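A.B. asks: The structure is given below, and queries will be raised subsequently.
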4 protein chains.
Amino acid sequence: MGGIIDGCPSGITVDMDFVQQELNRRRPGQSALTTSRDEGDRVEFLSGIYQGKTTGAPIGFTVKNENQNSADYEDIKDLYRPSHADYTYQTKYGIRDPRGGGRSSARETVSRCVAGAIAKIALHQKNIGIQAFASQVGNIRLDKSYHDYDLNLTESNIVRCPDPVKAAEMEALIHKVKAEGDSVGGVVSCVIRGVPAGIGEPVFGKLHAVLGAAMLSIPAAKGFDYGDGFDAPLYTGSEHNDLFFNDNGIISARTNYSGGIQGGISNGQDIHFRVAFKAVATLLRDQLTVDRQGNETTIKAKGRHDPCVVPRAVPIVEAMAAITVLDFILITNLYRPAIN
Amino acid sequence: MGGIIDGCPSGITVDMDFVQQELNRRRPGQSALTTSRDEGDRVEFLSGIYQGKTTGAPIGFTVKNENQNSADYEDIKDLYRPSHADYTYQTKYGIRDPRGGGRSSARETVSRCVAGAIAKIALHQKNIGIQAFASQVGNIRLDKSYHDYDLNLTESNIVRCPDPVKAAEMEALIHKVKAEGDSVGGVVSCVIRGVPAGIGEPVFGKLHAVLGAAMLSIPAAKGFDYGDGFDAPLYTGSEHNDLFFNDNGIISARTNYSGGIQGGISNGQDIHFRVAFKAVATLLRDQLTVDRQGNETTIKAKGRHDPCVVPRAVPIVEAMAAITVLDFILITNLYRPAIN
Amino acid sequence: MGGIIDGCPSGITVDMDFVQQELNRRRPGQSALTTSRDEGDRVEFLSGIYQGKTTGAPIGFTVKNENQNSADYEDIKDLYRPSHADYTYQTKYGIRDPRGGGRSSARETVSRCVAGAIAKIALHQKNIGIQAFASQVGNIRLDKSYHDYDLNLTESNIVRCPDPVKAAEMEALIHKVKAEGDSVGGVVSCVIRGVPAGIGEPVFGKLHAVLGAAMLSIPAAKGFDYGDGFDAPLYTGSEHNDLFFNDNGIISARTNYSGGIQGGISNGQDIHFRVAFKAVATLLRDQLTVDRQGNETTIKAKGRHDPCVVPRAVPIVEAMAAITVLDFILITNLYRPAIN
Amino acid sequence: MGGIIDGCPSGITVDMDFVQQELNRRRPGQSALTTSRDEGDRVEFLSGIYQGKTTGAPIGFTVKNENQNSADYEDIKDLYRPSHADYTYQTKYGIRDPRGGGRSSARETVSRCVAGAIAKIALHQKNIGIQAFASQVGNIRLDKSYHDYDLNLTESNIVRCPDPVKAAEMEALIHKVKAEGDSVGGVVSCVIRGVPAGIGEPVFGKLHAVLGAAMLSIPAAKGFDYGDGFDAPLYTGSEHNDLFFNDNGIISARTNYSGGIQGGISNGQDIHFRVAFKAVATLLRDQLTVDRQGNETTIKAKGRHDPCVVPRAVPIVEAMAAITVLDFILITNLYRPAIN
């Protein structure tokens, strides 16, 4: 796995430990909850960094996957795994690389995390912070607003949920479906604090539309909403309009149903959104399917696979949010390169 | 209002009546449910069409708004309407055109409908059909899958809901909030039939991500999901994986929780998705707000305004779906221009 | 004719007289040298300007061509004019709009001049000035560097050449070819002063490559070079390297064979380049050709046509230079919108 | 050095020997004429190829530079080499990586040649062939049209000139300037045969404008023209219009001053163009310059450097031509992926 990060401003000090730590948050095998394959993800930068700082050149990198076993894929190279991309890729391209690490593998999110780590460093200099967390696993969900939780607790448990009680329930549910060779989905919520008003572009470049596309590009994502999202229809305009007031000289609003974005442009309040993820499609039990020739057969995954993507999706959602917000800040000229 | 449609293939016969009809579906004033301002939307094409056919050149057009009254905007030119884009635009650009018809006005969707009508004509030649409908208004929602409704009934009522009983309830709710000077939101669902397998691009150009961005770009949109979307977390992998089988020689699946898209690429099944809309922010009642100088005041809209965008959003969702799918088909080479 | 100018920063005061004047510089019929069709080009802005200032929204505009006579094109609608785009458009699109004003008509440069005028205003605020001039018509050419001419004399004659003696020769040559129903080409040179160091992007976004593409997009353009360009091969490295020195604390160079661009990035010196134009393809004399069916025939243009594009190309080259430089300045963050 | 090739169609058989051979044509050290540093360029593909065929996924690759000596750059890390990009990069980015292999190094053309080799393979399947050659070195130039040479002789001499007599003169000139620690420039001409009519986009995507930008992006390029280019002004319209005739049922033209492109779109005739290159800026003799602090000093390159880029530019021009033409063919739908 690897890639090229383009458009990064020059002069950013790349803290290699932080980059590696972000990569580790994504890694499977962190706990009993996720697959214990030790993918041994070590990032190596090939370009774009000189004496620890970005030069403005594209940042090339590779992340070697030392433990990958191509043989694992030999058995299934002609099978269409249900609800995977095998069939659609074969149809689109007429050829398909069955080995892991391809573009439809969850492993491609390695690159997102590397880029996201650098974007987070750049945003940190602007006092912009991003925090995602598991807000639902199966039918267990957080009932309250993110304001009512201490988001610092997120990393204190392996499901990355800031409510310890719910976290324990989620963990138990994941163990249960895992024992059944099954899988389960969930929802990741995310808050972005410190974004100045004025980020986002009208009509087809709205901040929430681009954020939505970024989130929906994550493997297994099924939905995106921001502010009061899919609950918005339950409120009348008079109930959920965010009324402006003069907060000691600063124009602000007492509520934030808008999710920090109005007309596609940030208004300076917290940006908050949700991303729905389906259950992992790979199951450790027999499933009916067909092979490339159309013969009906069954498939059963081998090895260790995640029964739930939600804990690992938390850093990926943060990474995509960081990349998206930094892009908008750069095109809105808040970041200035070294030109007089 | 007006715009330029770029990238339309040559040789498409533009049925002007159909274009005008699609524009009329979007228009306010179609019924008691939506504002009765007769905007008199008449499209005039300025380029790109010769003897009734597209030439491959950009299609320029204008849609005059004969009934617009700039005076309506004079009173509010220095006020920040709650949950509108007034504040964010002023902050971003340092200048704001308060007259209707700007980029943050719902009127910009006129252009989407013109482009969508031409895209629909092109898709129709490929036997691709798009049908959206109101699936929720306030807390009134359709409980069943789209398969269980006759979508041909959609246009038979003014809320554009294929269930006549629910439609009547929705209509009553809209009347109620309107009488209170209030507004209400809802959900538009959409089905795209006939898309061949292979449309969509991996990683950052996934079909559902681009569709999502297109839908989230519509004014008042708050969320997007596809397939089983935000309900996906409630199912285990074994419950909602779509199992392939051999359907008399054709590889197909018995279910479609995937929403016709796997790994970001169409699989030939119906593509279905939902878009959540908030209640209209403009209210015919007093709301607290501030002016540009930060003085606290109240605002109350004049004239006639939609109490619910859902009925009018139906053709807009269809238009954006048509544009998006046609774009993907063009880049996937199914449409061939007149080259030997 | 018309178009949309996207990406213009907000807050630019649009001097309508200046815009119209720039448009008039492009217009045919300014003198005996160019066709006297009075195209009556009057620009009307449809969006993006409020109370005389740009709002940051796309600037839509139309320029009506009141004197166009569609009948002029009826006779030639099935003929392929030699060295025009009739044949290639017909082959590419399978349909062709024979009326003037299409995308392959020189009239499309109207839009370039409108956008260029606004870009010039924005650049003027940054003390960036652009001056083009005719440096060659037929075999009559300026022998010296632009430093050796008073470029303020450029507009003092109808060929827009800063050397009055050469201008008279060029004018005589144009009259001669015109009398013969023939046409002649030439070269436009351009100097951009005041561009700060640091504009341009490495590898595929080099300033001179993007400038080159912009110039080559002008109808009838056949070549582009910058600095010592096609003469560079005649010099050794030791002869034409620009040696840096310390100019009272400022790093500068005594020569500028680089044309103000090194490694694709501006170095703060004058940017200078040339654009070659072929003779106008439309001739007021019989030429052999074929019609769409392949029948051999002759064609002879009617009406009044330019015998030489060079004088009118001068403002077009300036317009494209202004648009290109402003784009680079905007992406390089020298221009800051109204965000705190 | 390395990169990612995006947008390559699936199913192309990648002949590794051919790719390596193309890379070798670019390599310095092929002869006494170019620097004998053996860069040991071996391409390694990291993704996008499976069992010898492209999969449609991005093709990642690296080309290791085993002989690079970073110490060579230590001495000059604070000096601004004349007519190099050192000063502009430092000014733009505020930081500069002085080691070879950066984006302003001629070594970046390694990646162009890898991508170009694959593009050539794809074009070969469409019977499109590309041939570049040295047409000028210093003041020694080919006087005749490319029709009058046997271009198959191009690779028979180390300057890559199809005229053996001129080749010997060019070679002698390069030896002479080399002996003087100096360098010399030249012109590369290129012919593309077999491109179907209809490639290229109007207005801002004209084939010659995009080709021009591609060529001008090559290090040391100073100019581009096509067809009769900078000689066009010397001809009247009646002399250089390409007259259509009926060539046994096929519409063709007896001349090709247009260079195979009319209105920015290919007409089916040979596409031919020229690229001017300046003398290499790195000299094996003292040159005046300044360091980053503005102190005046001298610089003299060490090691072995090319005295003339022209022979090595020949395969680079071909590579960029192949990439550009393939891109246009792909967007014009002549290449069809494996979709039914």
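The values are calculated or read from the model by the stated rules, or taken from the named source; none is laboratory data. Given the structure is predicted, the values throughout are model-derived calculations rather than measurements. Every residue, glycine among them, receives a Cβ derived from its backbone with ideal geometry; neighbour counts consider all protein chains shown. Accessible surface is based on the protein model in full, side chains and every heavy atom, while ligands, DNA and RNA are left aside. Shrake-Rupley method; radii C 1.70, N 1.55, O 1.52, S 1.80 Å.
A.B. asks: In the stretch D:268-285, which residues are assigned to a loop (DSSP other than H, G, I, E, B) and either out of contact with any strand residue (DSSP E or B) (no Cβ under 7 Å at 6 or more places or on another chain) or more than 8 Å from every other protein chain (Cβ to nearest Cβ) (or both)?
C.D. replies: D:268, D:269, D:270, D:280, D:281, D:282, D:283, D:284, D:285
A.B. asks: Then there is this: Limited to the stretch B:94-103, what total is found for residues that are buried (at least 23 other Cβ atoms within 10 Å of the Cβ) and out of contact with any Asp or Glu (no Cβ under 8 Å at 6 or more places or on another chain)?
C.D. replies: 1
A.B. asks: Sort out which residues of the stretch D:203-223 are of a type in the set (A, V, I, L, M), facing chain C (nearest Cβ under 7 Å) and in contact with a strand residue (DSSP E or B) (Cβ under 9 Å, 6 or more places away or on another chain), and write them in order of number.
C.D. replies: D:209, D:213, D:216
A.B. asks: Restricting the search to the stretch A:126-167, which residues are open to solvent by less than 30 Å² (accessible area, probe 1.4 Å), in a loop (DSSP other than H, G, I, E, B) and of a type in the set (A, V, I, L, M, F, W, C)?
C.D. replies: Result: A:128, A:142, A:159, A:161.
A.B. asks: Of the residues that make up the stretch B:196-204, is at least one touching a residue at least 24 places away in the same chain (Cβ under 8 Å), under 30 Å from residue B:333 (Cβ atoms) and in contact with a His (Cβ under 9 Å, 6 or more places away or on another chain)?
C.D. replies: Yes.
A.B. asks: Further question on the same structure: Kindly list the number of the only condition in (1) surrounded by 23 or more Cβ atoms within 10 Å (Cβ to Cβ); (2) farther than 30 Å from residue D:109 by Cα; (3) among the charged types (D, E, K, R) that fails for residue D:274.
C.D. replies: (2)
A.B. asks: Within the stretch D:14-47, can you find the residues that are within 14 Å of chain A (Cβ to nearest Cβ), assigned to a loop (DSSP other than H, G, I, E, B) and either open to solvent by 40 Å² or more (accessible area, probe 1.4 Å) or modelled with pLDDT under 95 (or both)?
C.D. replies: Matches in the stretch D:14-47: D:46, D:47.
A.B. asks: Would you confirm whether or not the stretch A:2-13 contains a residue that is part of a loop (DSSP other than H, G, I, E, B), modelled with pLDDT of 85 or more and away from every other protein chain (no Cβ under 13 Å)?
C.D. replies: Within the stretch A:2-13, not a single residue is part of a loop (DSSP other than H, G, I, E, B), modelled with pLDDT of 85 or more and away from every other protein chain (no Cβ under 13 Å).
A.B. asks: Can you name the residue in the stretch B:91-110 that is away from chain C (no Cβ under 11 Å) and in a helix (DSSP H, G or I) and is also farthest from residue B:1 (Cα to Cα) among such residues?
C.D. replies: Within the stretch B:91-110, the match that is farthest from residue B:1 (Cα to Cα) is B:106.
A.B. asks: Return only the number of the condition from (1) crowded, with 18+ Cβ neighbours inside 10 Å; (2) at pLDDT 95 or above that residue C:239 does not satisfy.
C.D. replies: (1)
A.B. asks: Kindly provide the set of residues from the stretch D:228-267 that are within 7 Å of chain C (Cβ to nearest Cβ) and within 30 Å of residue C:241 (Cα to Cα), ordered by number.
C.D. replies: D:228, D:229, D:230, D:232, D:233
A.B. asks: Go through the stretch B:294-315 and report how many residues are in a loop (DSSP other than H, G, I, E, B) and under 17 Å from residue B:82 (Cβ atoms).
C.D. replies: 9
A.B. asks: Condition first: away from chain D (no Cβ under 13 Å), under 26 Å from residue C:256 (Cα atoms) and open to solvent by 40 Å² or more (accessible area, probe 1.4 Å). Now tell me which residues in the stretch C:168-202 satisfy that.
C.D. replies: C:193, C:194
A.B. asks: May I ask you to list the residues in the stretch C:158-194 that are under 15 Å from the mean Cα position of the chain (by Cα) and basic (Lys, Arg)?
C.D. replies: Passing the criteria: only C:160.
A.B. asks: Considering (1) of a type in the set (Asp, Glu); (2) over 19 Å from the mean Cα position of the chain (by Cα); (3) farther than 27 Å from residue A:137 by Cα, say which one residue B:231 fails and leave the rest.
C.D. replies: Only one criterion in (1) of a type in the set (Asp, Glu); (2) over 19 Å from the mean Cα position of the chain (by Cα); (3) farther than 27 Å from residue A:137 by Cα is unmet by residue B:231, namely (3).
A.B. asks: How about the stretch D:99-146: which of its residues are of a type in the set (S, T, N, Q) and closer than 27 Å to residue D:177 by Cα?
C.D. replies: Once the filter is applied, which keeps residues that are of a type in the set (S, T, N, Q) and closer than 27 Å to residue D:177 by Cα, the stretch D:99-146 yields D:104, D:105, D:109, D:135, D:136, D:139.
A.B. asks: Now for a different question. Check residue B:76 against each of (1) hydrophobic (A, V, I, L, M, F, W, C); (2) farther than 23 Å from residue B:211 by Cβ; (3) open to solvent by less than 20 Å² (accessible area, probe 1.4 Å) and name the one condition it does not meet.
C.D. replies: The number of the failed condition is (3).
A.B. asks: Say whether the condition of being at pLDDT below 95, open to solvent by 10 Å² or more (accessible area, probe 1.4 Å), closer than 26 Å to residue D:264 by Cβ and not in a loop (DSSP other than H, G, I, E, B) is met by at least one residue in the stretch D:318-326.
C.D. replies: No - not one qualifying residue is present in the stretch D:318-326.
A.B. asks: Mind checking which residues of the stretch C:77-101 are free of Cβ contacts under 8 Å to residues at least 12 places away in the same chain and more than 17 Å from residue C:293 (Cβ to Cβ)?
C.D. replies: C:88, C:92, C:93, C:97
Conditions tested, residue by residue: (1) free of Cβ contacts under 8 Å to residues at least 60 places away in the same chain; (2) surrounded by 18 or more Cβ atoms within 10 Å (Cβ to Cβ); (3) on the phi > 0 side of the Ramachandran plot.
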position	(1), (2), (3)
C:229	yes, yes, yes
C:250	yes, no, no
C:253	yes, yes, no
C:258	yes, yes, no
C:269	yes, yes, no
C:281	no, yes, no
C:296	yes, no, no
C:312	no, yes, no
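A.B. asks: Test residue B:70 against the criterion of being out of contact with any Phe, Trp or Tyr (no Cβ under 9 Å at 6 or more places or on another chain) and at pLDDT below 95, and give yes or no.
C.D. replies: yes
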